[in-house]
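Before any comments, here is the structure.
The values are calculated or read from the model by the stated rules, or taken from the named source; none is laboratory data. None of the values given here were measured: they were computed from a predicted structure. Here Cβ is always computed from backbone atoms with ideal geometry, including for glycine, and neighbour counts include all displayed protein chains.
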Amino acid sequence: MLTRQSLTDKRRELNMIALIVAYTRNRVIGNEGCIPWRIKGEQRRFRELTTGNIVVMGRRSYEEIGRPLPNRTTIVVSGTKVFEAENCYTVKSLSEAIALAQEIAPDQHIYISGGARLYEEAVPLVEKMYITEIEAEIPGDTYFPKFDECCFNKEINERVEGEIDFTYVTYTRK
Ligand SMILES: NC(=O)c1ccc[n+]([C@@H]2O[C@H](COP(=O)([O-])OP(=O)(O)OC[C@H]3O[C@@H](n4cnc5c(N)ncnc54)[C@H](OP(=O)(O)O)[C@@H]3O)[C@@H](O)[C@H]2O)c1
C-alpha cells in the first residue's frame, strides 16, 4: 500500500507530488462528467504549472478532455480501458502512476488532477495542493474531499475578480 512515509525519501530527490484542483464554496469539482463553470482565465495556473511535467488523471476526466494535453505527459488511471496516444500512458492505480512517473521522468513534477477518488487517495500523499477556490456555490455531483487543514500551511497567491471571482491558493504540507 502506498503511504506518505514510503514516498518520503524518494520524493526529496525525485518528483514532487502535488495535486491541482478547482472547487467551489460547496466543494463541487464536477457535474455530469464536466466542469460546471466556464470562467475566463481560471485554468491559467493549471496550464502554467503542469506544462513540461506529468499529469495523472482518472479515466472519466481523461475522457472529458478526449486527448492528452499538449507539452506534458499524461498518465490515465483506469481498470477498464487502455488509452494509446503520444505522451500518454494508462495504469491501473495511483501507486502505479507515481512509480511510472518516477521511472520515465524523475526530474518532473507529478500533478494529480482528479477526479474525486484520485483526490481522496492523493491528499494524504501530496506535498502541495494547488487549489483554485471558485467563489460561488454551483450545483454538482462530484466533490473534493474534506481534508485536515491543520496538516498544511495555506498561502493565498492571487485573487482574480470577474463574473465569478476566484483565488489561487497553495497548501504546503507542514
Ligand atoms: N474542478 C476540477 O479541478 C476537476 C478536475 C478533474 C475532474 N473534474 C471533474 O470531475 C468529474 C470526473 O471525476 P470522477 O471522480 O467522476 O471520475 P475520474 O476520477 O476522472 O474517473 C473515474 C475513473 O477513473 C479510474 N480511477 C479513478 N481513481 C482510481 C483509483 N484510485 N484507482 C483505480 N482507478 C481509478 C476508474 O476508471 P475505470 O472505471 O476505467 O476503472 C474510475 O471509474 C468530471 O465532472 C470532471 O469534469 C474536475
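Quick notes
Yes/no per residue for (1) within 25 Å of residue 134 (Cβ to Cβ); (2) near the ligand (Cβ under 7 Å from one of its atoms); (3) modelled with pLDDT of 95 or more; (4) under 13 Å from the mean Cα position of the chain (by Cα):
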| site | (1), (2), (3), (4) |
| --- | --- |
| 17 | yes, no, yes, yes |
| 26 | yes, no, yes, no |
| 31 | yes, yes, yes, no |
| 39 | yes, no, yes, no |
| 45 | yes, no, yes, yes |
| 57 | yes, yes, yes, yes |
| 60 | yes, yes, yes, no |
| 73 | no, no, yes, no |
| 82 | no, no, yes, no |
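- Note on segment 134-174: residues that are in a strand (DSSP E or B) and exposed (fewer than 13 other Cβ atoms within 10 Å of the Cβ) amount to 7.
- Subset of segment 95-122 (residues that are over 21 Å from residue 35 (Cβ atoms) and either assigned to a helix (DSSP H, G or I) or out of contact with any strand residue (DSSP E or B) (no Cβ under 9 Å at 6 or more places or on another chain) (or both)): 95, 96, 97, 98, 99, 100, 101, 102, 103, 104, 106, 107
- Residues within segment 67-94 that are basic (Lys, Arg) and in contact with a strand residue (DSSP E or B) (Cβ under 6 Å, 6 or more places away or on another chain), tallied: 1
- In summary, residue 31 fulfils each of the numbered conditions (1) within 19 Å of residue 143 (Cα to Cα); (2) out of contact with any Pro (no Cβ under 7 Å at 6 or more places or on another chain); (3) not β-branched (Val, Ile, Thr) with the single exception of condition (2).
- Breaking point among (1) in a strand (DSSP E or B); (2) more than 11 Å from the ligand (Cβ to nearest atom); (3) closer than 14 Å to residue 20 by Cα, for residue 125: (1)
- Any chance residue 78 is closer than 24 Å to residue 32 by Cβ, within 16 Å of the chain's Cα centre (by Cα) and either surrounded by fewer than 18 Cβ atoms within 10 Å (Cβ to Cβ) or within 11 Å of the ligand (Cβ to nearest atom) (or both): yes
- Hits in segment 111-163 (condition: under 16 Å from the mean Cα position of the chain (by Cα), more than 26 Å from residue 95 (Cβ to Cβ) and hydrophobic (A, V, I, L, M, F, W, C)): 134
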